[in-house]
Structures are given as C-alpha cells and as structure tokens.
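Peer 1: Got a structure for you, written out below as structure tokens; questions coming shortly.
The values are calculated or read from the model by the stated rules, or taken from the named source; none is laboratory data. In this text the structure is predicted, and so the values were computed from the model without any measurement. In this analysis, Cβ positions are derived from the backbone assuming ideal geometry, glycine residues included, and neighbour counts consider all displayed protein chains. Heavy atoms of the whole protein, side chains included, go into the accessibility calculation; ligands, DNA and RNA do not. Shrake-Rupley method; radii C 1.70, N 1.55, O 1.52, S 1.80 Å.
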Amino acid sequence: MNFSTSEALHQEALKHIVGGVNSPSRAYKAVGGGAPVYMEKGEGAYFWDVDGNKYIDYLGAYGPIITGHAHPHIAKAITHAATNGVLYGTPTKLENQFAKMLKQAIPSLEKVRFVNSGTEAVMTTVRVARAYTNRTKIIKFAGCYHGHFDSVLVEAGSGPATLGTPDSAGIPESVAQDVITVPFNNMEALKHALDIWEGQIAAVLVEPIVGNFGIVEPKEGFLQAVNDLTHNAGALVIYDEVITAFRFTYGSSQQIYGIEPDMTAMGKIIGGGLPIGAYGGKKQIMEQVAPLGPAYQAGTMAGNPASMAAGIACLEVLQEEGLYEKLDQLGEKLEAGIIEKADKYGISISVNRLCGALTVYFGDGEITNYEQAEASDGESFATFFRLMLRQGINLAPSKYEAWFLTIAHTEKDIEETIAAVEKTFQHM
Ligand SMILES: Cc1ncc(COP(=O)(O)O)c(CN[C@@H](CN)CCC(=O)O)c1O
C-alpha cells in the first residue's frame, strides 16, 4: 500500500497544527509513530485515504459513526440545515423535538441541555453536582476518560482512595486534590473512598460500560453498588454515556442494566457525526442550571439546527427494528473469527465484546479494570495495527480504543476482516 500522500500531508500539517493532528488520539504515537493515514471519503462501512487505498472502518470516528459514513438520511438532514441556515442564535423547534426523543429513550432524563462536545457535557454535570450538593470532591475510576477538562484529567495511583495527581500539565494541584480515583469494578475501593472523604464527595462519575480502556462491562452488582454507596454518602451518581448512549441499544446502559443515575452525559452517536454533547437528569437537580438556577452553562453553538437535525436523523435510523440484534450477530461472528485465528496461530489474546463494539487485548487473562488493560501488550497491538492497516482494515491507533461496527458492515466485510486477521497473526 502506498501512503505517500498521507505522509506529505502530515509533513505539511506538522508546520501548522500541533503534532499535525487536532486530537492526540489520531496521532500514531502509540503504534510506532509516523504519518497517520488521511481519509478523504467515507461511505457506509468504508473509507478511502488520499492515496486511494480503501479500508473497512472499525474506528467509526471513535464511536459516533454507528450508521456508517455518509448515511443518506443524515446527509439529507444536514444538507437541509445547511440550505435553511445552520445557526440562528435563537431557540428552534428541532431542540424540542430532539430533547423529547432523548427523554423517551432514556427516562432518567427529566430535563436536558445540549452542548457541543462530550467534554462539555461531562464538565457541566460535575459543576451541577457541586452546585447541588455544595461539595467539591468527585470520585472517578482509573482509566475512565471523560474529556479534557481539568477535573477529570487526573490519574491517581492504582491504590483506592488515592488523592489525584494531574496527568496533564497545566492542572493546578488544587484541582487535582478534588479528584479521587479508584479502580473500576471495585466496590470496596469505592466504599473506602466515600468513607475517607465522608461529607466531601459531590459526585461519583463513571462510564457504566467502559469504552476507554477497551470495552469493559460492570461486574454483577457493581452499578447497583455505585448507586447505593454514593447515595448513602449524600452524593450524586453521574453516568458518562458519551460512548454508550445508543451504542448497544436504542437508549443507554440504563436500559440494559435497569439502573438510573442522577445525571447522564452524552455525545458522539447522538450528533450523527456533527459536533454534539448533551446532559440531563432529575428535574430538581437540573433546575440548578441557569437561567433557572445558579450553575452556569452556555454556548454559542449549543442546540444548533445542523447538529439537532443530524442527531434526530441518526436516532430515526437507529429506531429500525432488529438493528442492534444485527450488530450483535456481526460482532459475535467477528469475535469468534478473531479468537479462532489466534488459537490457530498461538497468539495469546483476550477479547471483550458487547453488541457491535469489541476490544482485542494482547496477552493473557481477562480484562476487568484499567490495571489489567494497561498491562496488555502494546507492542503486539502496534504490530497488529500496522499489519491490519496494510491490508485495508482501519482500527484506532491505540490498544485502549474499541473496534466499532456500523449498521453498514456486512457478513462479507467480517469474513474479509477475519482473513486479514489470519494473515496478520501468521506474521506475528
Ligand atoms: C466516555 C467519554 N466521555 C467523554 C469524552 C469526550 O468527548 P468529546 O469532548 O471528545 O466529544 C469521550 C471521548 N472519547 C475519546 C476516545 N475514546 C474521543 C477521541 C479523541 O479524544 O480524539 C469519551 O469516550
């Protein structure tokens, strides 16, 4: 495969854009460096790079593109918005329509607000929780990612109830001191942290199904324990469903496990590929938000007609009967194929999968928390990534990101992918 145009574009980008990318996730630093491939056309489950190479896409733009690239229903909605005026600075009826769709799918959303990214959505839920409880500390889980605002760019040590230390420059110690990190799926560690910081915890923030150290489901009883322990401590539960909302079902993890948080942050899929974020929750909590209450959140583009139209169109597509069952069947076929080839060539992997999202970890043992994911073999992943890319299979360039299927993937695509996996394992 020839990547020369991508390489040239990357050299050009390096002169103007920090690291040549607008998000560090897109750099190939974790997979040996060099120029990322530059895509220039997407259609369904495929995209083409600037050198004309075609790929089956499992990146899905880190989650949003569950309908496949350039879905006609979404494209039509965006085109209409473009010709109708993309931004007025006034409320529009689309915001009412979309808010009602979200509330119908996720009943814990008694009130919602639209913002422009998952980061903004999570950031605001934390602010609202602090306003509502009049407390400042939050507990998050090691390895969970919640966007790039100060309070969550903190990764404490592996021990429970450890006070956070910043994992990004520019975050004041004073901010890091208000974040406690505990291991995911560890109820005792959570209880310990809530006890130690009794009366000071505003909220426990969790990815109910983790997507940021691969796909990791909550252990039996874990989410119920999060609710019970957090509420007993007088704090709020915030679900970060930026990845999970509409990924596994027409709704959220709340409809899968039958457990509701106090607030939910969303993003990615609900924007149909356009910039989006949303948060919502119990009425009496959400009424802390301006102009009703003292917690401020605003945004020029919040609820803009183009993102609303794209989000509405996306959810209309996802209402199709049997859609998630089909994603699950394709995901199961892919998982089985990868495992069968790994066994055939003696490659030690473990696969975590839920519906149409999966992660292949290199190494032994099950992955139920960040420490185990961190210990998985990144070198082998980097080799795997490169060999798959050269065969026209595009994955996220990180061992911590999931493979995302779209509704456009076919059995044939899965068979082609498994054949590429076999060829890759033969060379590892
Ligand atoms: C659970 C969760 N919560 C919040 C965010 C932040 O959303 P955005 O601000 O990127 O829209 C994310 C963003 N995810 C990353 C990678 N999984 C997006 C990729 C990137 O940062 O380029 C998330 O996964």
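Peer 1: Quick check: anything in segment 106-113 assigned to a helix (DSSP H, G or I), open to solvent by 10 Å² or more (accessible area, probe 1.4 Å) and at pLDDT 95 or above? Outline the logic, then answer.
Peer 2: Initial filter on segment 106-113 (assigned to a helix (DSSP H, G or I)): none.
Within segment 106-113 (the criterion being assigned to a helix (DSSP H, G or I), open to solvent by 10 Å² or more (accessible area, probe 1.4 Å) and at pLDDT 95 or above), the answer is no, since none of the residues qualifies.
Peer 1: Give segment 1-57 a look and list any residue that's away from the ligand (no atom under 16 Å from the Cβ) and of a type in the set (A, V, I, L, M, F, W, C), or say none.
Peer 2: Hits for segment 1-57 are 1, 3, 8, 9, 14, 35, 45, 47, 48, 50, 56.
Peer 1: Let me ask something else. What residue, of 202, 142, is buried (at least 19 other Cβ atoms within 10 Å of the Cβ) and at pLDDT 95 or above?
Peer 2: Just a single option satisfies the conditions, and that option is 202.
Peer 1: Output the residue which, of all residues in segment 299-341 that are more than 16 Å from residue 248 (Cβ to Cβ) and in a loop (DSSP other than H, G, I, E, B), is most open to solvent (accessible area, probe 1.4 Å).
Peer 2: Among those residues, the one meeting the criterion is 321.
Peer 1: Scan segment 59-77 for residues that are of a type in the set (Ser, Thr, Tyr) and free of Cβ contacts under 8 Å to residues at least 24 places away in the same chain and jot them down.
Peer 2: Residues satisfying the conditions do not exist here.
Peer 1: Looking at segment 241-249, can you tell me whether even one residue there is away from the ligand (no atom under 11 Å from the Cβ), polar (S, T, N, Q) and within 30 Å of residue 75 (Cβ to Cβ)?
Peer 2: Taking segment 241-249 and keeping what is away from the ligand (no atom under 11 Å from the Cβ), we get 246, 248-249.
Now narrow it down to the ones that are polar (S, T, N, Q): 249.
Subset that is within 30 Å of residue 75 (Cβ to Cβ): 249.
Yes - at least one qualifying residue is present in segment 241-249.
Peer 1: Oh, and also: Tell me, yes or no, whether segment 405-421 has at least one residue that is under 18 Å from the mean Cα position of the chain (by Cα) and open to solvent by less than 30 Å² (accessible area, probe 1.4 Å).
Peer 2: Yes: segment 405-421 contains one or more residues that are under 18 Å from the mean Cα position of the chain (by Cα) and open to solvent by less than 30 Å² (accessible area, probe 1.4 Å).
Peer 1: I need a count of the residues in segment 342-366 that are among the β-branched types (Val, Ile, Thr) and either open to solvent by 10 Å² or more (accessible area, probe 1.4 Å) or in a helix (DSSP H, G or I) (or both). So that I can check it myself, show each step before the final result.
Peer 2: Residues of segment 342-366 that are among the β-branched types (Val, Ile, Thr), as a first pass: 347, 349, 351, 359-360.
If we keep only those that are either open to solvent by 10 Å² or more (accessible area, probe 1.4 Å) or in a helix (DSSP H, G or I) (or both) as well, we get 347, 349, 351.
Residues in segment 342-366 being among the β-branched types (Val, Ile, Thr) and either open to solvent by 10 Å² or more (accessible area, probe 1.4 Å) or in a helix (DSSP H, G or I) (or both): 3 in total.
Peer 1: If you take the residues of segment 2-23 that are touching a strand residue (DSSP E or B) at 6+ places or on another chain (Cβ under 9 Å) and more than 29 Å from residue 211 (Cα to Cα), which of them is least open to solvent (accessible area, probe 1.4 Å)?
Peer 2: Filtering segment 2-23 for residues that are touching a strand residue (DSSP E or B) at 6+ places or on another chain (Cβ under 9 Å) and more than 29 Å from residue 211 (Cα to Cα), the one least open to solvent (accessible area, probe 1.4 Å) comes out as 3.
Peer 1: In addition: Just to be sure I understand, how many residues within segment 375-428 are within 16 Å of the ligand (Cβ to nearest atom) and not in a loop (DSSP other than H, G, I, E, B)?
Peer 2: The total comes to 5.
For (1) surrounded by 14 or more Cβ atoms within 10 Å (Cβ to Cβ); (2) among the β-branched types (Val, Ile, Thr); (3) at pLDDT 95 or above; (4) over 26 Å from the mean Cα position of the chain (by Cα), each residue gets a yes or a no:
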site: 25; (1), (2), (3), (4): yes, no, no, no
site: 33; (1), (2), (3), (4): no, no, no, no
site: 51; (1), (2), (3), (4): yes, no, yes, yes
site: 61; (1), (2), (3), (4): yes, no, yes, no
site: 66; (1), (2), (3), (4): yes, yes, yes, no
site: 102; (1), (2), (3), (4): yes, no, yes, no
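Peer 1: Then there is this: Given the criteria open to solvent by 10 Å² or more (accessible area, probe 1.4 Å), within 11 Å of the ligand (Cβ to nearest atom) and part of a loop (DSSP other than H, G, I, E, B), does residue 291 qualify?
Peer 2: Numbers: open to solvent by 10 Å² or more (accessible area, probe 1.4 Å): yes; within 11 Å of the ligand (Cβ to nearest atom): no; part of a loop (DSSP other than H, G, I, E, B): yes.
The answer is no for residue 291.
Peer 1: Select from segment 260-285 the residues that are more than 17 Å from residue 104 (Cα to Cα) and of a type in the set (A, V, I, L, M, F, W, C) and write down the one among them that is nearest to the ligand (Cβ to nearest atom).
Peer 2: 276
Peer 1: Continuing with the same structure: Which of the residues spanning segment 196-226 are away from the ligand (no atom under 16 Å from the Cβ) and either under 16 Å from residue 138 (Cβ atoms) or in contact (Cβ under 8 Å) with a residue 60 or more places away in the chain (or both)? Don't jump to the end; show me each part of the working.
Peer 2: Filtering segment 196-226 down to residues away from the ligand (no atom under 16 Å from the Cβ) leaves 196-202, 219-222, 224-225.
Those that are away from the ligand (no atom under 16 Å from the Cβ) and either under 16 Å from residue 138 (Cβ atoms) or in contact (Cβ under 8 Å) with a residue 60 or more places away in the chain (or both): 196, 197, 198, 199, 200, 201, 202, 219.
Peer 1: Sort through 57, 51 and tell me the only one that's of a type in the set (Asp, Glu) and in contact with a helix residue (DSSP H, G or I) (Cβ under 7 Å, 6 or more places away or on another chain). Before the answer, list the steps.
Peer 2: On the way: 57 fails: in contact with a helix residue (DSSP H, G or I) (Cβ under 7 Å, 6 or more places away or on another chain).
The match here is 51.
Peer 1: Is it the case that residue 275 is open to solvent by 10 Å² or more (accessible area, probe 1.4 Å), part of a loop (DSSP other than H, G, I, E, B) and modelled with pLDDT of 95 or more?
Peer 2: Against the criterion (open to solvent by 10 Å² or more (accessible area, probe 1.4 Å), part of a loop (DSSP other than H, G, I, E, B) and modelled with pLDDT of 95 or more), residue 275 qualifies.
Peer 1: Here's another thing I want to ask about it. If residue 327 passes every condition in (1) within 24 Å of residue 70 (Cα to Cα); (2) within 16 Å of the ligand (Cβ to nearest atom); (3) within 18 Å of the chain's Cα centre (by Cα) but one, which one does it miss?
Peer 2: Going through (1) within 24 Å of residue 70 (Cα to Cα); (2) within 16 Å of the ligand (Cβ to nearest atom); (3) within 18 Å of the chain's Cα centre (by Cα) one by one, residue 327 breaks only (2).
Peer 1: Still on this structure: For segment 86-99: of the residues being surrounded by 13 or more Cβ atoms within 10 Å (Cβ to Cβ) and not polar (S, T, N, Q), which is nearest to the ligand (Cβ to nearest atom)?
Peer 2: Among residues in segment 86-99 that are surrounded by 13 or more Cβ atoms within 10 Å (Cβ to Cβ) and not polar (S, T, N, Q), the one nearest to the ligand (Cβ to nearest atom) is 98.
Peer 1: So which pairs qualify, if the first residue must be in segment 78-105 and at negative phi, the second must be open to solvent by 80 Å² or more (accessible area, probe 1.4 Å), the Cβ gap must be under 7 Å, and the two must be at least 6 apart or on different chains?
Peer 2: Partner pairs satisfying both residue conditions: 87/301.
Peer 1: Right, another one. Tell me which residues, restricted to segment 166-184, are crowded, with 17+ Cβ neighbours inside 10 Å and of a type in the set (S, T, N, Q).
Peer 2: Hit for segment 166-184 is 181, nothing else.
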